[in-house]
Amino acid sequence: MHKSLENLFQNLQTLVGLHKQLLDTVRMEREALVQVDLKTIDETTHAKQALIEAIRQAEGVRQRTLAEVALDFKTPVGTLTLSEVAIRVQGDDIKKAEHFRSLQNTLVIMIQRITDQNEDNRQFLQHSLEHVRAMRGNAVGSGSKKSQVYGQHGKKVLPPPGGRFISKEV
């Protein structure tokens, strides 16, 4: 049982490290978005993909290791949680139980921060796209819409029907 708990502990530390890297990466992504640094945006996107894949693999290892711990505890596989592991370990080693709780809390907090930062980045991109669309509409649409022209006394002047010459030479 001691070996499977040690493997679980190491796996949780790996997950914390990977999530820390992912949090740093999404923060770098935000800076790259603000700076409109396309190269860094591309690099952070690839780094995020690689980190997410590494997290998925580490999570698979965690689930298998937790299943081993469940067998050691004679608990049905799939029902044992990290909180329960901490409670069961607490009777034998209170310090190790606190480490498990600490790692679990750290993971929960980091996952929430990553989620929040990703949502913030998504909203930033959404607002930027809306702004670009509005600017494009203003630039492109100004030639197609009839512009409102005001006379010398502030009254709206209607343009003459049909086309108009911009220059007499034309």
Grab the beta carbon distance between Ile41 and Ser102, set R0 = 41 Å, and tell me the FRET efficiency rounded to 0.05. 0.75
For Asp72, placing the label point 7 angstrom along Cα-to-beta-carbon and taking the range 80-124, residues whose amide nitrogen sits under 18 Å are 80-104
Evaluate E = 1/(1 + (r/R0)^6) for Lys20 and Gln126, where r is the Cβ-Cβ distance and R0 equals 25 Å; express this FRET efficiency to the nearest 0.05. 0.40
Contour minus Cα-Cα span, Thr81 to Asn138, at 0.36 nm per residue, comes to 14.9 nm
So how do 113-122, 17-26 stack up, highest first, on mean other-Cβ count within 10 Å? 17-26, 113-122
Shape call, the range 2-118: gyration tensor on alpha carbons, a/c limit 1.5: prolate
Can you list the HN-Hα couplings for the range 121-131, worked out from phi with the Karplus curve (6.51, -1.76, 1.60; θ = phi - 60°), rounded to whole Hz and with x for Gly and Pro? 4, 4, 5, 4, 5, 4, 5, 5, 5, 4, 5
Gain in span if fully extended, Arg113 to Ala54, counting 0.36 nm per residue against the direct Cα distance: 19.4 nm
What is the order of Arg136, Arg88, Arg64, fewest Cβ neighbours within 10 Å to most? Arg136, Arg64, Arg88
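Laboratory data are not the source of any read-out in this text; all were calculated from the coordinates shown. Computed from a predicted model, the values in this text were never measured in an experiment. Because the Cβ atoms are built from the backbone with ideal geometry, glycine has one as well, and the counts that use them run over all protein chains shown.
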